[in-house]
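Colleague: After the structure tokens below, expect a handful of questions from me.
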Amino acid sequence: MANYFKGKRILVTGGSQGIGLGIVKELWRQGANVVTVSNQQKNLEKLKSEYPLIEVATVDLRDCNKTIEVIDSLGTFDGLVNNAGVAIIEPFLQCKFSSFDETMLINVKSMLIISQIIARKMINNNIRGSIVNISSQASKCALKDHIIYCASKSAVDSMTRVMALELGPHGIRVNAVNPTVIMTEMGRKIWSEPTMSNSMISKIPLGRFGEVHEVVNAVLFLLSNDASMISGVQLPVDGGFLAT
């Protein structure tokens, strides 16, 4: 990956916190021209003050028309990371239709909208680009109280495969990364309680949760030319969770 990202223009959605922020910062460190969109205005302002060369834009991905307008206005990209997402945790018998609609809108429909815009511009400008979709181990297994989230991430995986099939002839690669629990700031707050974490950790052969940089490394690998013959895969970053 040495020097691959220098001068490359990369869009990261949901890049103002958590895994997305880690991706944005590492791409910047490696010389990319990074653009990120988020609905977290204060977080974007903080990011911009610390990294003035990173371009930011505020958009609520639940507003499809505004999303189209903002993404289209950002121009052409060499790479895209669809990281933005939401996790509404409700058991199957109590899950609300409104929760289902919001989750699918943010995790699935907005990914479709953004990817279409970016991929069309790649094709029109003869860019052999790369798209990485952030999925989850929840796409591959049943997790209690995650009925809607599991369904949305399974959709992400399916879309990844179809996108890879249809965009491959244009030289555009599409892959997904499927993390386990990752120790973002929010992740540490939620999973720091042993009664909450022990059950999940017991199912991970490596015996721990993941760190942000471990997901970031996988994303940058798939974005880069080091993965030039890899397309249509879903790469677990899960410490062996899905192997058990």
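The values are calculated or read from the model by the stated rules, or taken from the named source; none is laboratory data. Since the model is a prediction, treat every value here as computed from it, not as a measurement. FYI the Cβ positions are ideal-geometry reconstructions off the backbone, even for glycines, and counts take in every protein chain you see.
Colleague: Determine which single condition residue 218 fails, assuming it passes every other condition in (1) at pLDDT 95 or above; (2) surrounded by fewer than 19 Cβ atoms within 10 Å (Cβ to Cβ).
Modeller: Only one criterion is unmet by residue 218, namely (2).
Colleague: Another question, then. Search the range 197-215 for residues being in contact with a helix residue (DSSP H, G or I) (Cβ under 7 Å, 6 or more places away or on another chain) and in a helix (DSSP H, G or I), and hand back the single one that is surrounded by the fewest Cβ atoms within 10 Å (Cβ to Cβ). Can you show your working first?
Modeller: Just the residues of the range 197-215 that are in contact with a helix residue (DSSP H, G or I) (Cβ under 7 Å, 6 or more places away or on another chain), to begin with: 197, 203-205, 207-209, 212-213, 215.
Narrowing the set further to residues that are in a helix (DSSP H, G or I) leaves 197, 212-213, 215.
Numbers: 197: 15, 212: 21, 213: 12, 215: 25.
Per the stated criteria, the residue is 213.
Colleague: Then there is this: Out of 190, 148, report the one residue that is closer than 23 Å to residue 85 by Cα, free of Cβ contacts under 8 Å to residues at least 40 places away in the same chain and part of a helix (DSSP H, G or I).
Modeller: Checking each option against the conditions leaves just 190.
Colleague: Tell me, please, whether a residue that is touching a Cys at 6+ places or on another chain (Cβ under 8 Å) and part of a helix (DSSP H, G or I) can be found in the range 110-127.
Modeller: Applying the first criterion (touching a Cys at 6+ places or on another chain (Cβ under 8 Å)) to the range 110-127 yields 110, 113.
Subset that is part of a helix (DSSP H, G or I): 110, 113.
Yes, the range 110-127 contains at least one residue that is touching a Cys at 6+ places or on another chain (Cβ under 8 Å) and part of a helix (DSSP H, G or I).
Colleague: Now, a different point. Being part of a helix (DSSP H, G or I), in contact (Cβ under 8 Å) with a residue 12 or more places away in the chain and loosely packed, with under 15 Cβ neighbours inside 10 Å narrows it down to one of 72, 101, so name that one. Even if it seems obvious, please write down each step before you answer.
Modeller: Numbers: 101 fails: in contact (Cβ under 8 Å) with a residue 12 or more places away in the chain.
From the options 72, 101, the qualifying one is 72.
Okay, residues lined up against (1) touching a strand residue (DSSP E or B) at 6+ places or on another chain (Cβ under 8 Å); (2) closer than 28 Å to residue 164 by Cβ; (3) not hydrophobic (A, V, I, L, M, F, W, C):
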site	(1), (2), (3)
43	no, no, yes
61	yes, yes, no
78	yes, yes, yes
89	yes, no, no
112	no, yes, no
116	no, yes, yes
121	no, yes, yes
130	yes, yes, yes
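Colleague: How many residues are within 24 Å of residue 230 (Cβ to Cβ), in contact with a strand residue (DSSP E or B) (Cβ under 8 Å, 6 or more places away or on another chain) and of a type in the set (A, V, I, L, M) if we restrict to the range 137-187?
Modeller: Qualifying residue count, the range 137-187: 11.
Colleague: I'd like to verify a number: residues in the range 130-145 that are without any contact (Cβ under 8 Å) to a residue 60 or more places away in the chain and among the small types (Gly, Ala, Ser), how many? Even if it seems obvious, please write down each step before you answer.
Modeller: Narrowing the range 130-145 to residues without any contact (Cβ under 8 Å) to a residue 60 or more places away in the chain: 131, 133, 136, 138, 142-145.
Cutting the leftovers down to among the small types (Gly, Ala, Ser) gives us 136, 138, 142.
Summing the residues that are without any contact (Cβ under 8 Å) to a residue 60 or more places away in the chain and among the small types (Gly, Ala, Ser) in the range 130-145 gives 3.
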